[in-house]
Structure formats: structure tokens, C-alpha cells
There are 2 protein chains.
Amino acid sequence: MATKEEIINSLETVLVPATRRSIVATNLVREVNVTDGGVHAVLASTGLGQDSQEWIAAKAREAVGRLAGVTDINIEYRAAAAKDLNTVGHVLAVMSGKGGVGKSLVSGLLAVALRRQGHEVGILDADITGPSIPRMFGVSAPVAGNEEAILPVPTKSGIEVMSINLLLPSEDDAVVWRGPLIARTITQFWEEVLWGKLDYLIVDLPPGTADAPLTVMQQLPISGIVIVFTPQELTAMVVRKAVKMAQQMEKPIIGVIENMSYLYVPEIDKKIELFGKSRAEEMARSVGAPLLAQLPIDPNLARLCDEGNIERYDGEVITRLAESISQLMEERHA
Amino acid sequence: MATKEEIINSLETVLVPATRRSIVATNLVREVNVTDGGVHAVLASTGLGQDSQEWIAAKAREAVGRLAGVTDINIEYRAAAAKDLNTVGHVLAVMSGKGGVGKSLVSGLLAVALRRQGHEVGILDADITGPSIPRMFGVSAPVAGNEEAILPVPTKSGIEVMSINLLLPSEDDAVVWRGPLIARTITQFWEEVLWGKLDYLIVDLPPGTADAPLTVMQQLPISGIVIVFTPQELTAMVVRKAVKMAQQMEKPIIGVIENMSYLYVPEIDKKIELFGKSRAEEMARSVGAPLLAQLPIDPNLARLCDEGNIERYDGEVITRLAESISQLMEERHA
């Protein structure tokens, strides 16, 4: 007879339809009991339509059936709330206060960087009125799910994404909602999306210090905040508001990232500081957090984002970002 | 005995303390009655502390006393709501949906342009959580006023500004408010600020399609909306949401402006399209509104904004902008 571990290993090969992840990685496997009489497995039905439940049961039977000595597996589905299934290592919120400084870009690059290191990564796009993440990664609707929960949409490299734009009939549609409804949507993205097992969930916050960032800080177990800014003093002023908000709510700022630091013009081999002199060191000092990166303006990166191919970006900054972040998170845990 | 017109003309010389405008331009002069017995004037006390009321009364007496045949003027103060005093020709909302595309910059440039044409211009900074206007114009607190109303702060060239940053103890302070409170603040900026007589009030909207833009569209008598975008397709997608919102609320879009169209590098006499190929014509066509301007990335303009000297900018775009807008508004009135 196979052991429980062997059975769970074999269930690792059973993918959830419309995703790139197994029923084990999504935490859908709740119990596995091995007795002389056979194998009994309890799966959560969270986010699974009737078709998907039957498909998974059939594939699970096939997978387990390949093990020596297993003749039968009994599969039972039970309802469970997504939030009871989700196990997320670190929730990192990317914040800037000011719009258009590249917060979504940094969220995307962070996710790509951590994913390349082999981590399980998700992105919760909390920018309900100006969501950019799906376009950047080239992912689109439809979203699978049932009345209990919905499933994130995987990117090409297997990053799990949830964004309001995946739920709208057209990505151009406006979400003309008052704050409380927006706040509720973000809460739902946390509680009613089957994230499963993640090492990192990156939360792309909207600009400002109003409802949306407030909700995220109050309701999500934030491990750390990454602050994004640009060299313009005007931006720095608004970003300091976001920093004050994080401090008031006692959330740790784990690092700062300067975006649009400079433009490199190869024809004259010159860096042009388009938005003024870098304030990176100054900002890091005033926030009391390390400077994680200075990102140049890179037309190639802008193009990749427009094409939905941010995952193809190979700037060296990606490697450095991932190293800094995972080192930081280890230190915080040590 | 002087005529009523002569008396009002002389009151034009009486400035409201802490502003650059007269009691006539601010609509504080409510009634002027000339009789054989003397002159009786009714002024609104709106926004005037006791000191200011006395100062104005003394200066009015001086001014009128210089007229031939006027021996006495009786000045009476009456309470009045600011919204009953304000007479605004056109309310133009600058909108983008997406943050950081330069909406505040366009609001500022529009105001500067219209002011240079000799119009009376105000800016209502509706971006409560990320206000940029005061910094751009180098204006700061304190704001004068009384329990009825507050006075906008004038810029160097006499543009009237109201922004949450003028009311905060420090400009770095975060406004950590839920939507309804933010909406109420914007309504107050419209109803409880003594704008007086304005030809144009430019409303700098926050990004997104949530509470703040919703409130402005519902509660302010918008004459037209100017849409700002940048060449990135990602931006265009979010901006189209704002366009849809404006259309749903049946507000006329009077024009579109492309910001960050290109960077001119003098060393190689080349325009670099940093954020991809211009989509200006395409956007104008899809919105069904004229393209008012294509603004380059101009490090000089960025520096002027950081220094609070946007009014010193002399790019040719300023002239073109003012001409297009005032022509458009005349056509709408004809």
C-alpha cells in the first residue's frame, strides 16, 4: 500500500483546470486517509465549478491509480472559504501616494524577480479604478470560479494575478464606484480568491491615501511596504504623505525604489536626469529604509509592458531586486 | 454727487486683505445706494475676519471720500454664503483616469495660459490625497477666512488657488480619509470658498473613477472636460475608462492633450519617443474631441514646477493652449 506522502506527491500532478497549478499547490487537498480498505481524500470545492470537480476527481483517480497497491480512491468534496485555504508567506504592498510613478511597474518587476528565484508569487491588483497589471502581463478574462471563490489567472511564467480588469466585460470599462464598494472589492480579492500556497503576494496599491490603501493596511496582514518615487520634488512631497500614512498605521517600510532615475542615451553615452537630480539616498535616509533599486527610464521596458511581455525583461535590476527582497524577508524572520 | 458707477469704480481699488483682488472682483460688494443724504453700501462679510472687515471699511471710506461731493459713506456688513457670491464663467475639469500622466501640470499650464490672456482664473485642486498645485505655483498657507468661508490663495500672477495642502499643518501630512469625507471636502471647496468673479475655474481631478471625480461631475456645473494621456498603451487603456465615465455622466469632453509625447535631445537634434509612438490623433478621434496640444518632456518645465515657478514657463505651447481653449468656449456659447 502507498503511503500518505506518496499519494500527496501523486496528487501534485493533478492541475486545477484553467490554471497552471496543482490541487496541492492551491491547498485544495484537505485530508488524505490511507486505510486497508483504500484511500479517502477530502478536497475543497472552493472555486471549482461542477465540471472542474468531476475533471479533478477523474484525474486524481488516474494519478493515484498508478501507485502500487492502490486499487480505489474515494474523493469527497467539501465547501471551504478561500481565506481558510490561503497560506501566504509574505504580503508586500507597493505604495507611492503619487500616481504614475511606476508603482504597477515595480509591482510587476518584483513579482517577476521573485518568480525567477523559484518562489510562488501572486499579484493582487488593488488599483480598482486604474488597473494596469493584466495588460502588463498579457493576461485576460475569463476568470474561473464558483459561488464560493474565484481563481487567479496565471501569467506565462506562473504568477497568479487578480485584478478588476479580469472581471469587467471590456478592459476599457470604467469602475465608477464610491469608496466603500472599492474597499469591499479589495477585501474580496483577499478573502474570496483562491491564492493557495504563495511565498509572496504583491499588492499593487492605487495612488493616494484614501479608501483603497486604507483598506489594504487595515485588512491584509502586510509584512512590508515598498515605497516607489521619482526624482521630482513634487512627487517626493506626495510620496512623503504615503510614508506618513504607513507610519501612522504602524506598517514596516522595508525599502524604497526610485523609478525614472535617468534616461541613458546610447548615441551620446550620457545619462540624462530628466526629472531632476536623484533624491534616492535622501529619501531612503528620511524613510529609514534601504534603497532597493534605482530604475532608469527604459523605452524597451515600456514597450514590453504595453505588449504584455514584462516577463521577458532581462535588465540586471531584476536580479538585484529579487536578492534584496528575499534577503530582507529572511532577516525579518530570523 | 458721484454716480453709483463712480463709487463702484472707486471700490475696485479696495483690496481684500491677504489677496490680490478687490472687494468688487470678489463680489463682496452687494449693494450701493446713492441718496442726497450720502452713500450706503452693503458688503458681504463672507470669509472676512473682524480685522479684515474693519480694514476694508476704512479703505472704502478713503476711496469713496476722494470722489467729488461724497461726504459720508455708510458701510453695512451682511452674512452671505460663498456659493451665492461666486460667479464662474466656465468650470473646466482636467481628467485622466491614470495617475502621473501630468494632469496637474496641464491644469497649471491651462491656468497660466488663460491668465496671460487676461482672464480671471482659479484652480480648485480636487486631488485631496495627492495635491500638487500649491507646490507648482509656490503658494502656501495660511489661508484667510471666517466661519462662513475661506479665501483662495493667489499665485504670483494672480491665479486663485484652493487645495487641501493649504489647510494642512505640513504639506507632507497624509490625508487618510475615506471617500465620503474626501467628497465633502471637494464640495466645500466649491461652496465655501470665496472664488468671486472668475472667467475660468480649472478643477484638477485626482486619478481614477471613484469618489472624487464622481463628486465633481455630480455637484459642480462642469462646462467641459479636458482629457490628459501619455503615449503608453497602458495609460491609454486606463484613460479610456475616464472617457467612458465622462460619457456616462453626459459631460462634454472639449479636448484631449497628450503629455510626455517625446523628449528633445539637443545634442543629437533628435526627438526620442520615450513612451512609444504618439497616439494623439487616434485618441482624439476615438474620443471625438480636438487634440489641444502635444507636450514634450521638458526637464526645464519639471524644474520650474519643483521650484514653484510654473508661471515663468515660456514654451510656445502656452500660447497655443490658451487660444484653443478660449476659442472652444466661445464657440460653445455662440
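The values are calculated or read from the model by the stated rules, or taken from the named source; none is laboratory data. As the structure is a computational prediction, the values presented were derived from the model and not from experiment. Here the Cβ is made from the backbone with ideal geometry for all residues, glycine too, and neighbour counts use every protein chain on show. For accessibility, only protein heavy atoms count, side chains too; no ligands or nucleic acids. Shrake-Rupley method; radii C 1.70, N 1.55, O 1.52, S 1.80 Å.
Just a few scattered comments:
- Residue match in the stretch A:261-283 (condition: assigned to a strand (DSSP E or B), open to solvent by less than 20 Å² (accessible area, probe 1.4 Å), of a type in the set (Val, Ile, Thr) and assigned by TED's automatic domain parsing to the domain that holds A:ARG320): yes
- Single residue of A:PRO206, A:PRO231 found to be under 22 Å from the mean Cα position of the chain (by Cα), in the same structural domain as A:VAL139 (by TED's automatic domain parsing) and not hydroxyl-bearing (Ser, Thr, Tyr): A:PRO206
Listed here are the residues, each with its yes/no results for (1) of a type in the set (Gly, Ala, Ser); (2) within 19 Å of B:ALA174 (Cα to Cα).
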| site | (1), (2) |
| --- | --- |
| A:ARG184 | no, no |
| A:VAL216 | no, yes |
| A:PRO221 | no, no |
| A:LEU263 | no, no |
| A:ALA280 | yes, no |
| A:LEU291 | no, no |
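- Against the test of being free of Cβ contacts under 8 Å to residues at least 40 places away in the same chain and farther than 17 Å from B:THR230 by Cα, the options B:ASP269, B:ASP306 yield a single qualifying residue, B:ASP269.
- Among the residues making up the stretch B:74-118, those that are without any contact (Cβ under 8 Å) to a residue 40 or more places away in the chain and in contact with a helix residue (DSSP H, G or I) (Cβ under 9 Å, 6 or more places away or on another chain) are B:ILE75, B:TYR77.
- Filtered residues of the stretch A:229-244 (kept if at pLDDT 90 or above, in contact with a helix residue (DSSP H, G or I) (Cβ under 7 Å, 6 or more places away or on another chain) and farther than 14 Å from A:GLY288 by Cα): A:PHE229
- Which numbered condition A:LYS251 fails, given (1) of a type in the set (Lys, Arg); (2) assigned to a helix (DSSP H, G or I); (3) surrounded by 14 or more Cβ atoms within 10 Å (Cβ to Cβ): (2)
- Scanning the stretch B:153-180 for residues that are among the charged types (D, E, K, R) and either free of Cβ contacts under 8 Å to residues at least 12 places away in the same chain or open to solvent by 30 Å² or more (accessible area, probe 1.4 Å) (or both) turns up B:LYS156, B:GLU171, B:ASP172, B:ASP173, B:ARG178.
- The test for being out of contact with any Ser or Thr (no Cβ under 6 Å at 6 or more places or on another chain), at the interface with another protein chain (Cβ under 10 Å from one of its Cβ atoms) and not small (Gly, Ala, Ser) holds for B:ILE268.
- Qualifying residue in the stretch A:229-243 (condition: part of a strand (DSSP E or B) and closer than 22 Å to A:ILE325 by Cβ): yes
- Condition check for A:LEU292: part of a helix (DSSP H, G or I) and surrounded by 14 or more Cβ atoms within 10 Å (Cβ to Cβ): no
- Residue within the stretch A:30-47 that is modelled with pLDDT of 95 or more, open to solvent by 20 Å² or more (accessible area, probe 1.4 Å) and closer than 26 Å to A:ILE159 by Cα present: yes
- Note on the stretch A:194-216: among residues that are facing another protein chain (nearest Cβ under 9 Å) and hydrophobic (A, V, I, L, M, F, W, C), the one that is surrounded by the fewest Cβ atoms within 10 Å (Cβ to Cβ) is A:LEU214.
- The residue of the stretch B:127-138 that is farthest from B:VAL112 (Cα to Cα), among those that are at the interface with chain A (Cβ under 10 Å from one of its Cβ atoms), open to solvent by 10 Å² or more (accessible area, probe 1.4 Å) and not in a helix (DSSP H, G or I), is B:THR129.
- Candidate set: the stretch B:51-73, residues that are without any contact (Cβ under 8 Å) to a residue 60 or more places away in the chain and closer than 13 Å to B:GLY145 by Cβ; chosen: the one surrounded by the most Cβ atoms within 10 Å (Cβ to Cβ): B:GLN53
- Of the criteria (1) modelled with pLDDT of 90 or more; (2) out of contact with any Ser or Thr (no Cβ under 8 Å at 6 or more places or on another chain), which one A:VAL161 fails: (2)
- The stretch A:139-153, residues that are under 20 Å from A:TRP177 (Cβ atoms), assigned to a loop (DSSP other than H, G, I, E, B) and of a type in the set (Val, Ile, Thr): A:VAL143
- If the condition is being in a helix (DSSP H, G or I) and without any contact (Cβ under 8 Å) to a residue 60 or more places away in the chain, then the stretch A:1-17 contributes A:LYS4, A:GLU5, A:ILE8, A:ASN9, A:SER10, A:LEU11.
- B:ALA183 vs. criteria free of Cβ contacts under 8 Å to residues at least 40 places away in the same chain, not in a loop (DSSP other than H, G, I, E, B) and not aromatic (Phe, Trp, Tyr): yes
- Subset of the stretch B:123-148 that is in contact with a strand residue (DSSP E or B) (Cβ under 7 Å, 6 or more places away or on another chain) and β-branched (Val, Ile, Thr) - its residue that is farthest from B:GLU171 (Cα to Cα): B:ILE123
- Top-ranked residue of the stretch A:209-228 - restricted to ones that are part of a helix (DSSP H, G or I) and among the hydrophobic types (A, V, I, L, M, F, W, C), ranked as farthest from the chain's Cα centre (by Cα): A:LEU214
- Residue count for the stretch A:294-314 satisfying the condition of being more than 11 Å from every other protein chain (Cβ to nearest Cβ) and of a type in the set (D, E, K, R): 3.
- When the helices (runs of 4 or more DSSP H) confined to the stretch B:18-126 are screened for residues that are of a type in the set (Gly, Ala, Ser) and within 14 Å of another protein chain (Cβ to nearest Cβ), those reaching at least 3 such residues are found at B:103-116.
- Total residues in the stretch A:154-179, condition touching a Phe, Trp or Tyr at 6+ places or on another chain (Cβ under 9 Å), farther than 21 Å from B:GLY97 by Cα and not in a loop (DSSP other than H, G, I, E, B): 2
- None of A:ILE325, A:ILE318, A:ILE257 is away from chain B (no Cβ under 14 Å), in a strand (DSSP E or B) and touching a residue at least 24 places away in the same chain (Cβ under 8 Å) except A:ILE257.
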